[in-house]
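**Q** The structure that follows is given in the form of structure tokens.
The values are calculated or read from the model by the stated rules, or taken from the named source; none is laboratory data. Computed from a predicted structure; not experimentally measured. Reconstructed Cβ throughout: ideal geometry from the backbone, glycine too, with neighbour counts over all protein chains shown. All accessible areas refer to the heavy atoms of the entire protein, side chains included, with ligands and DNA or RNA removed. Shrake-Rupley method; radii C 1.70, N 1.55, O 1.52, S 1.80 Å.
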Amino acid sequence: MWNKIQKSIWKLPCPEADSPPHQNIQVATETDVHGEKLALQWVGCDACVENKGSMCDHSTQDLKSVVNEADVEDHTEANSSFAHSVINMIGMLIGLGQLSSSYALENGGWASAFLLVGIGVICAYTSHLLAKCLEKSPRSRSYADIGQHAFGSRGRVLALTFIDVEIFLTLVSYTIALHDNLTTVLAGTQLRLPIWTKLSTSQLLTMIGVLVALPSLWLTDLSSISYLSSGGVLMSIIIFTSVAYLAIFQVVKANHSIPVLHLHKIPAISGIYIFSYAGHIVFPNLYKSMKDPSRFTKASTVSFASVIALYTSLAFTGAKLFGPEVSSQITLSMPRHLIITRIALWATAIAPMTKYALMFAPFSVQIEQSLPGSFSARTKTIIRGAVGSLLLLIILTIALSVPYFEHVLNLTGSLVSYSICIVFPCAFYIKISSAQLSKFSLILNATLLALGLLLGVAGTISSSKSLFTSLKRDHSA
């Protein structure tokens, strides 16, 4: 039964070229993690060296063939049903924000739930704008293509730059989550290395976790990489089930009151809220994969409504259960003596280790593109793996140096997600459809664009200040 469910969630239909039919690659998972969505979109489209087709079949190809395949025709066979598209979209939207929704609500007050819902509604609307942009530019197949159609090569470069930054910061957030949950589940463990006496047990445990995942960066078979993402699906199911179990069976009494509103904390949590809905990078691919693209907006509406309901219910449940003591990762607030808590902690700790290879795939493709064609496949693999390993060690160093999950998550959402989810779609739509826009539509989209910029800038300033304050405090201590 699980295999059927897994196939249903994973199998994102692939547009096909005029060449012999390809087998669909299993891609659409990111229920856990946001950066994985970005990686899949990159590997599926922009990674194909400006292919005219998107989401090409890479299930049996290595990264070298992905990079060199450049003559795919501009014809696709869209075979994704409405229900299939909804499942894929929901899977992409549920991610790291699931861990922090309760924390954000408790800190912002129950009235901030209107912001949580409002941002979700706006993101659903901007997904509709992306679909409208694709209607006006049939040859566009990815988020970056839309950026190029709107603003030329600068639009593409800007979009891809924000994608890179989001992937990098998301990987840092994952590594921090690995550190926090692994340290909690292995509390009491003592480790010391003679050559690194200054490293704490928690840091050593995190290093071990990252080193265990390191060999996955050398994988070249994308089908193997995509299978690793099952951890994200499982993590989301376990987290929601665990919190629901505590509430339904009253293992923890839901007797905490939630404050009405902490207005001064809104900038500090708005980035977490927008990060929870960040899946726009993949939406153009979903649109192109649908049998009836005209139903994309309806599919988007159903998906966002479902995810908004999930996040809102989880946020209120966690805040009522744990009150002011709720952690930025809800798994860290659960009673430690319960078996279900240990399962949730292990799931949250292991999931990041399954994500690194898939989320590094875009960087791997870029590295291969930049290498001379005279290099052998083996040489390219060694260089790609070595550079990927170095980047992961840099991410590990940053995560251990800045172990503040909520601040990094808010910074990621504020700095890049507001732009990718709200600002850019509105700007693309205004530019592409300027000749046909009504005055009302122009004012509406310009207002949303300005709102996205305002919240993004405010959140970036707030999260940066909080980050530096925490660093200064810990340094002084």
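**Q** With +1 assigned to the C-beta of every Lys and Arg and -1 to the C-beta of every Asp and Glu, and no other charges, what is the dipole magnitude of the stretch 252-410 about the Cα centre in debye, to the nearest 20?
**A** 320
**Q** Ser441 to Lys291: extension gain in nm, 0.36 nm per residue of separation minus the Cα-Cα distance?
**A** 51.2 nm
**Q** Give the residue list of trypsin sites (Lys or Arg not before Pro) in the stretch 294-370 that are DSSP loop and have at most 12 other beta-carbon atoms within 10 angstrom. It would help to have the intermediate numbers written out before the result.
**A** Values: sites: Arg295, Lys298, Lys320, Arg336, Arg342, Lys355; in loops: Arg336.
Sites meeting the loop and neighbour criteria: Arg336.
**Q** Roughly speaking, what is the stretch gain from Ile237 to Thr469, that is 0.36 nm per residue apart minus the C-alpha to C-alpha distance, in nm to one decimal?
**A** 80.1 nm
**Q** List the residues of the stretch 299-334 whose backbone N lies under 17 Å from a point placed 7 Å from the Cα of Phe249 along the Cα-to-Cβ direction.
**A** Those under the cut-off are 334.
**Q** Same structure, new question: Considering only protein heavy atoms and a 1.4 Å probe, what is the carbon-and-sulfur percentage of the accessible area of the stretch 80-468? Intermediate results must be reported in sequence, preceding the final value.
**A** Working: 10370 of 15080 Å².
The value for the stretch 80-468 is 69 percent carbon and sulfur by accessible area.
**Q** Counting other C-beta atoms within 10 Å, and keeping those with at most 13, which DSSP coil trypsin sites (Lys or Arg not before Pro) do you find in the stretch 79-180?
**A** Loop-located and lightly packed - Arg139.
**Q** Using a simple spin-label model with points 7 Å from Cα along the Cα→Cβ vector, what separation in nm is obtained for Thr201 and Ala305?
**A** 5.0
**Q** What size of dipole, in debye to the nearest 20, comes out for the stretch 80-468 about its Cα centre when the only charges are +1 on Lys and Arg C-beta atoms and -1 on Asp and Glu C-beta atoms?
**A** Dipole about the Cα centre, nearest 20: 460 debye.
**Q** Going 7 Å from the Cα of Ile340 along its beta-carbon direction, which residues of the stretch 79-98 have the amide nitrogen within less than 19 Å of the resulting point?
**A** Output list for this probe position: 98.
**Q** Something else about it: Just how far, in whole angstrom, is the stretch 357-406 from the stretch 161-205 if you go by their alpha carbon centroids?
**A** Centre-to-centre distance over Cα atoms comes out at 18 Å.
**Q** Another question about this same structure. Taking 0.36 nm per intervening residue step and subtracting the Cα-Cα distance, what contour gain separates Phe114 from Val260 on full extension?
**A** 51.4 nm
**Q** Just the accessible area per residue of the stretch 80-468, please: how many Å² with a 1.4 Å probe?
**A** Averaged over the residues of the stretch 80-468, the accessible area is 39 Å².
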